[in-house]
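Structure first, commentary second.
The values are calculated or read from the model by the stated rules, or taken from the named source; none is laboratory data. These numbers come from a predicted model, not from an experiment. With ideal geometry, Cβ positions are generated from the backbone for all residues, glycine too; neighbour counts draw on all protein chains shown. Ligands, DNA and RNA are excluded from the accessible area calculation, which covers all protein heavy atoms including side chains. Shrake-Rupley method; radii C 1.70, N 1.55, O 1.52, S 1.80 Å.
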Amino acid sequence: MSEDNSPKSRAFSLIKTLSSTALRAGNEALKRRLNKSDELDSFMSDAALRLVKGLDELKGAAMKVGQLLSMVDESILPPGWKSALSKLQSQATAKDWSYIEPIILKEFGNLDGFSFIEKEAVHAASIGQVHKAQLKDGTFVALKVQYPGLEKSVKSDLKNMKKLINIANFMPNMDNYDHVFDAVEMLFIQELDFIREKNYYDFYYEKFKNNKNIIIPKTIPEFCTKNVLTTQWIDAECLQLWLNKNAKDIHTNPLLIEKRDKLGALLLEVVFTEIFQLNHIQSDPNPGNFLVTENADLVLLDFGATQELSSELIQNYSDLTLSAIQKNKFEIVKAAKKMGFLSRGDQPEAKESFLRAMDIAIEPFLNEKYSWKDANQLKRTHAESVDFMRSTKFRAPSPEVLFINRRLAGNLLIMESLGATVFAREILNRILNINGA
Ligand SMILES: Nc1ncnc2c1ncn2[C@@H]1O[C@H](COP(=O)(O)OP(=O)(O)O)[C@@H](O)[C@H]1O
Ligand SMILES: [Mg+2]
């Protein structure tokens, strides 16, 4: 990161890296339309890689927006951008110990509470990095340390990113999205408050403590401050690594099949419990936020992006889900209108497209069990939602809905990577407390 971290200089370097990347990519998109060639595609990836590097150097809000962009539909991003941006989700360059130690010292005064802290970070992300450590009482812990000065850059970075998205012309009707940007800004600012995150760790811990297959690390209150979050270290593997490692045999090795299906069931259990019982959603579905233990128990991490959901929204979501399962079109449309998906003046195509999308979404709950292997649910839903967005002229959903959808799409991506077979109907019915489950 450059030494001069003033808002003005951040804005300048952000615009410099990003607009040159975007403009170049824009030009290339134009050329590509005229002349499709692999060479141009690889050039695009080059532009995308420069974007990632620029965001990585700036850290903070700029990188967060990059992460959000990496979740948008592939079809609205230039080729190569999607995979390059996805890198931001899992990899960032860690800062040296000489940069991190003073931050920890400032929070705790000294390091007397620790037997050791590993100088090499186990993980670096947009707002901080994680170091493994041991407390004097022998407990192994994860120290998540926040980079200083991020709060100041959030607002200006977001404003510049918005300009950039406008230049890149990813989406028409950007003005419709002002309230979404406001919600994203609030989300970023909330994520910087590690006390808030600690409280959410404790909240989820309480809810799941009797479920031996879902693990939430305990927080260590004496070592939790606004800028350092200390949780009990859990020996487990990142879900993404687990998936990569087992991809080859996941559908043939009986032990792996069992683990695959167990993880799939646990992921559904967690997300439905969050929405329908906790009235909260952890809105960041990055696979780095799930770990897998030796027995394929699921570890949940990273509650910075947790959002409370209004009870009205949850009621509407459950009405929508149930009427979709019962194929009651009238009730589906009623719930969709309440939630702002559909509106009186919409063209008939909007309604039809919404109904088709719902049909795809509820497939897993129609029969006793469902296999996500080759189900292509995500791709089919995406295609339908692009049609839907077009027919509603890119009307922006409420931020709450956006956060739920972001998580559900992330969950679906993981379900499909697992290719799990799950008794999904039983799980949903049990959590919604429907008889006959
Ligand atoms: N309690 C823990 N036990 C083991 N590993 C952890 C723990 N907390 C964090 N990690 C590791 O650090 C990574 C980043 O932690 P996370 O809370 O997701 O931070 P960020 O907000 O930077 O994404 C995780 O993917 C995991 O590898
Ligand atoms: Mg994380």
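If each residue of separation counts as 0.36 nm, what is the full-extension length gain between R380 and K393 once their alpha-carbon separation is subtracted?
Length gained between R380 and K393: 2.7 nm.
Short version: what are the Cα gyration tensor semi-axes of segment 236-309, square root of 5 times each eigenvalue, largest first, in whole Å?
25, 13, 9
Rank these by accessible area, largest first, 1.4 Å probe: R407, R356.
Values: R407 5, R356 110 Å².
So the residues, ranked largest to smallest area, are R356, R407.
Given a 1.4 Å probe and heavy atoms of the protein chains only, how would you sort K248, K207, K393, K198, largest accessible area at the top?
Ranking K248, K207, K393, K198 by accessible area, largest first, yields K248, K393, K207, K198.
Give the accessible area for D235 in Å² (nearest 10); use a 1.4 Å probe, count only protein heavy atoms, and leave out ligands, DNA and RNA.
Per-residue accessible area (D235): approximately 130 Å².
Considering just Cα atoms, how many Å³ per residue does the convex hull of segment 237-437 enclose?
118
Please report, for the Cα atoms of segment 303-350, the Rg to one decimal and the Dmax as a whole number; what are they, in angstrom?
Here Rg and the maximum Cα pair distance are 12.9, 40 Å.
Applying 1/(1 + (r/R0)^6) with R0 = 60 Å to the Cβ-Cβ distance of L105 and D359, what FRET efficiency is obtained, to the nearest 0.05? Don't skip to the answer; put the middle values down first.
Numbers: r = 57 Å, r/R0 = 0.95.
It comes to 0.60.
Can you give me the solvent accessible area of K218 with a 1.4 Å probe, rounded to the nearest 10 Å²?
Its accessible surface works out to 100 Å², give or take rounding.
What does the extension gain come out to for S310 and V122, with contour length at 0.36 nm per residue minus their alpha carbon separation?
64.1 nm
Which of the residue pairs K212/K262; K106/K155; K95/K119; K245/K373 have a Cα-Cα distance greater than 21 Å in the structure shown?
K106/K155
In the full protein assembly as shown, how much of R406 is accessible to a 1.4 Å probe, in Å² to the nearest 10?
50
What percent of all Cα-Cα pairs in segment 191-275 falls into each 5 Å bin, going from 0 up to the bin containing the maximum distance?
Computed distribution, short to long bins: 3, 12, 18, 19, 18, 14, 9, 5, 2, 0.
Estimate the FRET efficiency between L432 and K136 by the formula 1/(1 + (r/R0)^6), using the beta-carbon distance for r and 41 Å for R0, to the nearest 0.05.
0.35
For segment 306-355 and segment 405-433, write down the distance between their C-alpha centroids in whole Å.
The two parts, judged by their Cα centres, are 19 Å apart.
Would you rank W242, W233 by solvent-accessible area, highest first, keeping every protein chain in place and using a 1.4 Å probe?
So, going from the largest accessible area down, we get W233, W242.
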